[in-house]
Amino acid sequence: MAGSNPNAKPMNLTLKVWRQKNRNTQGGIVDYQVKDISPDMSFLEMLDVLNEDLLRKGEEPVAFDHDCREGICGSCNLFINGRAHGPEAGTTTCQLHMRKFSDGDTITIEPWRAAAFPVNKDLSVDRSAFDRIIQAGGYVSVNTGGTPDANEIPIPKEIADRAFEAATCIGCGACVASCKNASAMLFVSAKVSQLALLPQGHVERKTRVENMVAQMDKEGFGACTNIGSCAAECPVGISLENIAILNHEFLAAKATSNNLA
Amino acid sequence: MSWISKTFSSSIGRKIIMAVTGLFLCSFLVVHLVGNLQLFKADNGVAFNAYSEFMGHNPLIRALEIVLVLGFGFHIYEGLALAAKNRAARGGQGYVSDHIEQNSSWHSRSMAMLGSIVLFFLVVHLYNFFGSLRFTDVPRDANGNEDAYTLVLEAFKNPLYVVLYVVAQFALLYHLLHGFSSAFQTLGLTHRKYTPAIKLVGYAFSIIVCAAFAAMPVYFYFFK
Ligand code: HEM
Ligand code: SF4
Ligand code: FES
């Protein structure tokens with residue numbers, strides 16, 4: 001392999017993988033052995049090796065979500081050895097490398113757990129609750145027309161930077177998976193503060209936070225107790241400051257919006 | 001539902017009730033502590049009994065007592081109800097391997113358990129002193145005040161009470177080590193200039209208040 005370390009010794013690992021046929025059946029942990037895993041492989045490539053092995057044996061491959069494999073889409077959600085996206089801070093599962101493990105290790109791999117994230121199959125969970133929260137208000141309405149000038153709306157650099165930081169949320173759900181309360185507040189707060197900071201977001205500022213929080217509650221996510229597991233496990237480092245902004249935006253909207261219902 | 005009840009039945013609204021009542025209870029702790037420090041006065045309870053008599057009969061204090069009961073009531077009810085809701089949100093199937101201790105502190109995850117210990121203590125504590133003073137005829141001291149001091153003296157001859165009171169203060173300590181600054185976060189009051197100071201004040205507050213309360217039963221048991 002190009003760029004690989006010639007001294008890196010291939011590893012043999014024991015995997016304890018959550019297997020579950022579908023939403024309505026009980027799942028359980030199944031043990032597998034994988035051999036000759038290169039330390040340069042990503043975690044998902046290691047699972048590809050396992051699946052090829054299973055296919056050769058005529059067994060059902062392990063279902064897991066993935067798409068971009070470069071840390072930007074937020075699909076690759078695995079709970080690895082008791083941590084969302086594994087032991088490495090600031091990484092998605094697809095960016096986690098096997099060199100973080102050692103020959104002979106046992107690795108437990110489970111799906112995200114939360115009442116609002118039902119398991120579809122094996123390690124693949126249904127995160128459409130996040131989509132419905134975004135649909136409830138995580139957008140700005142823009143009238144069509146001529147192309148606006150790029151610098152028409154002045155935004156101070158500091159504000160633009162903070163909004164951009166919040167915008168880096170990839171919607172992976174590690175925050176929910178790690179939280180003792182299965183709270184989605186970090187995810188919701190990232191979108192709410194991103195759009196509250198920017199002038200484009202001000203039109204729907206109050207209805208946005210009211211509707212997104214209402215949808216978040218409806219989906220059955222828990223209430224934040226400021227434990228901080230979410231921010232510690234977030235692969236892009238969304239900070240708890242956003243949750244304070246969300247709380248503040250919510251209170252201000254409830255106190256001053258024209259919505260009486 | 002009106003917008004007000006909708007606000008305070010939402011997850012954030014309920015958290016705001018927790019934070020406001022929690023900080024209100026912190027202010028109660030200050031008042032309660034300052035009054036009780038008179039137990040350490042070497043006057044065999046003269047000042048403490050006068051204070052206790054005042055607290056028991058002043059109409060303004062009696063009115064505030066109702067606010068205090070409501071504060072505790074909402075805090076306890078919402079605290080336990082939110083804990084149950086949060087457990088349900090986690091879903092039935094837990095993780096086979098969970099290393100949550102690597103990303104958060106023990107006491108921040110144990111607020112309901114720590115609060116429940118404080119609640120148990122609260123019931124015993126009300127029975128020990130408040131119940132006797134309010135609902136029975138307590139002997140009076142030389143100044144004609146109800147002799148609350150002797151009640152304290154007698155109660156803390158019992159080592160079981162001493163242990164319970166000290167353990168409860170440890171529970172309260174850890175409850176507040178997380179709770180004090182957490183309440184500011186809940187209310188959206190964070191700022192890179194002030195949040196470090198709020199954390200520091202929270203730690204100092206928790207340690208000083210709980211240590212001073214815990215010192216009372218220990219002092220009476222060993223030195224009186
Ligand atoms: C003098 C006694 C008490 C004080 C000063 C106090 C103070 C606080 C404070 C400041 C918070 C943080 C609120 C927030 O995070 O926004 C809190 C949270 C909490 N308290 Fe108390 N508390 C007391 C007694 C109790 C009792 C008796 C219970 C009974 C179960 C309790 C249960 C809880 C729970 C479950 C939380 C976490 C709730 C959450 O963050 O959503 N507390 N408390
Ligand atoms: S806040 Fe972080 S952990 Fe949560 S969904 Fe966004 S990127 Fe993932
Ligand atoms: S597969 Fe897209 S972030 Fe990992």
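Quick rundown of the values:
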item: Count of the stretch A:179-230 residues which are free of Cβ contacts under 8 Å to residues at least 24 places away in the same chain, on the phi < 0 side of the Ramachandran plot and within 16 Å of ligand 1 (Cβ to nearest atom); result: 1
item: Helices (runs of 4 or more DSSP H) within the stretch A:155-254 that include 3 or more residues open to solvent by 10 Å² or more (accessible area, probe 1.4 Å); result: A:157-167, A:185-197, A:205-218, A:229-233
item: Set A:E110, A:E70, A:E59, A:E88: member being free of Cβ contacts under 8 Å to residues at least 40 places away in the same chain and within 14 Å of another protein chain (Cβ to nearest Cβ); result: A:E88
item: Residue within the stretch B:17-39 that is more than 14 Å from chain A (Cβ to nearest Cβ), in a helix (DSSP H, G or I) and more than 18 Å from the chain's Cα centre (by Cα) present; result: yes
item: Close pairs from the stretch B:129-155: first in contact (Cβ under 8 Å) with a residue 60 or more places away in the chain, partner among the hydrophobic types (A, V, I, L, M, F, W, C) and outside any helix (DSSP H, G or I), Cβ under 8 Å, at least 6 apart; result: B:E146/B:V138; B:D147/B:V138; B:A148/B:V138
item: Scan of the stretch A:140-178 for residues that are within 16 Å of ligand 2 (Cβ to nearest atom) and within 14 Å of chain B (Cβ to nearest Cβ), ordered by number; result: A:R162, A:E165, A:G173, A:A174, A:C175, A:V176, A:A177, A:S178
item: Leading residue by the ranking (farthest from ligand 2 (Cβ to nearest atom)) among those in the stretch A:180-227 that are among the hydroxyl-bearing types (S, T, Y) and facing another protein chain (nearest Cβ under 9 Å); result: A:T225
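Condition check ((1) assigned to a loop (DSSP other than H, G, I, E, B); (2) more than 16 Å from ligand 3 (Cβ to nearest atom); (3) more than 13 Å from the chain's Cα centre (by Cα); (4) at positive phi) across all residues:
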residue	(1), (2), (3), (4)
A:E60	yes, yes, yes, no
A:A63	yes, no, yes, no
A:G71	yes, no, no, yes
A:C76	yes, no, no, no
A:W112	yes, no, no, no
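The values are calculated or read from the model by the stated rules, or taken from the named source; none is laboratory data. From a predicted model like this one, the values you see are computed outputs, not experimental measurements. Cβ coordinates were reconstructed from backbone atoms using ideal geometry, including for glycine residues, and neighbour counts include every protein chain displayed. Quick note on the areas: whole protein, heavy atoms, side chains included, nothing else; ligands and nucleic acids left out. Shrake-Rupley method; radii C 1.70, N 1.55, O 1.52, S 1.80 Å.
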